[in-house]
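The values are calculated or read from the model by the stated rules, or taken from the named source; none is laboratory data. None of the values given here were measured: they were computed from a predicted structure. Here Cβ is always computed from backbone atoms with ideal geometry, including for glycine, and neighbour counts include all displayed protein chains.
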Amino acid sequence: MAWKYSLADLAAAIGIDPPETGAEFSSVSTDSRTLRPGDVFFALTGEHFDGNAFVEPAFEKGACAAVTTRQHPEEGPCLIVDDPLGALQRFARWHREQFTLPLLAITGSCGKTTAKDLIAGLLETKYKTIKTQGNLNNDIGVPLSLMGIDKSTERGVIEMGANHSGEIAALCQLARPTESAITMIAPAHLEGFGSIENVAAAKAEITQGLGPDGVFYVNTDDPRCVRIGEAFEGECVRFGSAGDVRLERRETLPSGETLLEITHVGPLALPMPCPAHAANVLLAAAVGLRHGVEEFEAPLRKVLESAARFRAFRVGPWEVLDDTYNANPASMRAALDALAERPNDGWRVAALGDMLELGEASHDLHRELGREAAARGVSHLFVRGAFAGDVAAGALEAGGAHAETIDAHEDIAAAIQALDARGGTVLVKGSRGMRMEEVIAALRRAYE
């Protein structure tokens, strides 16, 4: 069993009187649907849901106790708190403090999930490593990830996201990182942050959780990251064109894979359709080198081949670049770069949805997106969303050959299919709320 605590331990950790029962548990759950017998159920309550409604199903599935805002005497032992989420966070912090292990916290405007997986993939070749599962990088996901630590854990990699100032600092108070990294800083979540300067200040919070022996990995190709590194008083490991770990050469191989030659690592042949991922590989290499990792290509290849982000595959006569998970100006630019660099004798098509949460800068940033698409040789641009007109206008201003606003996913797919006599490469991307994966689903149906 990974770890085992009593309900009295839990009560002490969250600051309440112990229950009468002396039951023990070795895992927690916030979802009654996936709860396992013996779990403690935290009945999280939010604006649109009340976890108390799921206490009965949790006990029916075998929960040994529930952390709730009110008693459920007919169900089982309940630990009563004002805020179950706060209790979960206090318990996770207490749990983390039971273990001394190197733990890296990672954030960034783009690439943090990919970088997290690459770093963990390298560390796993030498150490028992826990990492954030998927992108559970918020005030719920981070404490749940920390609960994965046990006495056999040798390394940890925890992803941290934020859309308001103070969130990363609070997550660092839970995770107690010994190392931290910022992939890059770009306009994202501007509705919450207000400005790129505020984004940088929020990302810099990830260094505040480090002690005097902490380590910060500095992206030397991002001036804002460099400034954060200059202000950090601990050890800095630099990666990028002016770093200790540098990309000496990058080229596309006949196989379509990418060759990266990295200082202190050597040449790596990797399946990497998005050139921007080279920076994430560099960061992972920097972490791996510092931790004595000796095997690089195979674990990096394994992660990249299984990545859910930026996948390349064939649909009819089209190579589809699927980057539909999310979008902001920096990730859009990286995706358009990838589209421009793909070997291709046909059309270069981009089907793009809005970039959300950009606040007052939305119109200008979408217009700039259109200009960047035109500058990268996009032959046909199909856009949907409230700011689609800005994107199309920007593309046409910059000399784009064809830019069209189309609202329905199915109609975008039909417009792409209408070009299929020549085929080519099509990039599909947008913020999560734009559901651009439905364009790909419609395209698949059209060719089936």
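Are there any pairs with C-beta distances below 6 angstrom linking a residue in the range 42-58 that is more than 12 Å from Asp83 (Cα to Cα) to a residue that is surrounded by fewer than 16 Cβ atoms within 10 Å (Cβ to Cβ), with the two at least 6 apart or on different chains, and if so which?
Taking only residues 6 or more apart or on different chains, not a single pair turns up.
When you look at Arg444, is it exposed (fewer than 15 other Cβ atoms within 10 Å of the Cβ), under 27 Å from Cys110 (Cα atoms), at pLDDT 95 or above and under 30 Å from the mean Cα position of the chain (by Cα), yes or no?
Judged against the criteria, Arg444 is not a match.
For the range 377-404, how many residues meet the condition of being touching an Asp or Glu at 6+ places or on another chain (Cβ under 7 Å) and among the charged types (D, E, K, R)?
Residues meeting the conditions: 1.
Can you tell me which of Gly370, Gly377, Gly389, Gly433 is among the small types (Gly, Ala, Ser), part of a loop (DSSP other than H, G, I, E, B) and in contact with a strand residue (DSSP E or B) (Cβ under 9 Å, 6 or more places away or on another chain)?
Selected residue: Gly377, the only one of Gly370, Gly377, Gly389, Gly433 that is among the small types (Gly, Ala, Ser), part of a loop (DSSP other than H, G, I, E, B) and in contact with a strand residue (DSSP E or B) (Cβ under 9 Å, 6 or more places away or on another chain).
What do you reckon, is Ala279 under 24 Å from Asn163 (Cα atoms) and part of a helix (DSSP H, G or I)?
Taking the combined requirement at face value, the residue satisfies it.
Would you say Glu257 is among the acidic types (Asp, Glu) and more than 25 Å from the chain's Cα centre (by Cα)?
no
Can you tell me which of Gly15, Gly22, Gly62 is of a type outside the set (A, V, I, L, M, F, W, C), in contact (Cβ under 8 Å) with a residue 12 or more places away in the chain, surrounded by fewer than 16 Cβ atoms within 10 Å (Cβ to Cβ) and closer than 30 Å to Gly211 by Cα?
Sole residue among the options that is of a type outside the set (A, V, I, L, M, F, W, C), in contact (Cβ under 8 Å) with a residue 12 or more places away in the chain, surrounded by fewer than 16 Cβ atoms within 10 Å (Cβ to Cβ) and closer than 30 Å to Gly211 by Cα: Gly15.
Checking Arg93 against (1) at pLDDT 95 or above; (2) of a type in the set (Lys, Arg); (3) more than 23 Å from Lys151 (Cα to Cα), which single condition isn't satisfied?
Of the numbered conditions (1) at pLDDT 95 or above; (2) of a type in the set (Lys, Arg); (3) more than 23 Å from Lys151 (Cα to Cα), the odd one out for Arg93 is (3).
In the range 254-285, what residues are touching a helix residue (DSSP H, G or I) at 6+ places or on another chain (Cβ under 9 Å), buried (at least 22 other Cβ atoms within 10 Å of the Cβ) and touching a residue at least 40 places away in the same chain (Cβ under 8 Å)?
Pro273, Cys274, His277, Ala279, Asn280, Val281, Leu283, Ala284, Ala285 - these are the residues of the range 254-285 that are touching a helix residue (DSSP H, G or I) at 6+ places or on another chain (Cβ under 9 Å), buried (at least 22 other Cβ atoms within 10 Å of the Cβ) and touching a residue at least 40 places away in the same chain (Cβ under 8 Å).
Just the residues that are of a type in the set (Asp, Glu) and within 29 Å of the chain's Cα centre (by Cα), please, taken from the range 361-403.
Residues satisfying the conditions are Asp364, Glu368, Glu372, Asp390.
Regarding the range 287-303, can at least one residue be identified that is free of Cβ contacts under 8 Å to residues at least 60 places away in the same chain, buried (at least 18 other Cβ atoms within 10 Å of the Cβ) and among the hydrophobic types (A, V, I, L, M, F, W, C)?
Yes, the conditions are met somewhere in the range 287-303.
From the set of residues in the range 37-54 that are outside any helix (DSSP H, G or I) and out of contact with any strand residue (DSSP E or B) (no Cβ under 7 Å at 6 or more places or on another chain), which is nearest to Ser145 (Cα to Cα)?
Leu44
Working only within the range 304-323, note down all residues that are modelled with pLDDT of 95 or more and under 20 Å from Gly108 (Cα atoms).
none
Out of (1) modelled with pLDDT of 95 or more; (2) closer than 19 Å to Arg333 by Cα; (3) not acidic (Asp, Glu), what's the single condition that is false for Ala401?
(1)
Here are the criteria: (1) at pLDDT 95 or above; (2) surrounded by fewer than 20 Cβ atoms within 10 Å (Cβ to Cβ); (3) in a helix (DSSP H, G or I). Tell me which single one Ala361 does not satisfy.
For Ala361, the exception is condition (1).
Tally time: how many residues in the range 145-163 are within 23 Å of Arg309 (Cα to Cα) and either β-branched (Val, Ile, Thr) or modelled with pLDDT of 95 or more (or both)?
Looking only at that region, the number is 6.
Quick one: would you say Ala350 is in contact with a helix residue (DSSP H, G or I) (Cβ under 8 Å, 6 or more places away or on another chain), closer than 21 Å to Arg445 by Cα and hydrophobic (A, V, I, L, M, F, W, C)?
The answer is yes for Ala350.
Hey, Glu191 hits all of (1) over 27 Å from Gly292 (Cβ atoms); (2) in contact with a strand residue (DSSP E or B) (Cβ under 9 Å, 6 or more places away or on another chain) but one; which does it fall short on?
(2)
If I go through the range 376-388 residue by residue, how many of them are within 15 Å of Gly430 (Cβ to Cβ) and not β-branched (Val, Ile, Thr)?
Here the count works out to 7.
Give Glu248, Glu197, Glu230 a once-over and let me know the one that is free of Cβ contacts under 8 Å to residues at least 60 places away in the same chain, more than 21 Å from Thr113 (Cα to Cα) and part of a strand (DSSP E or B).
Glu248
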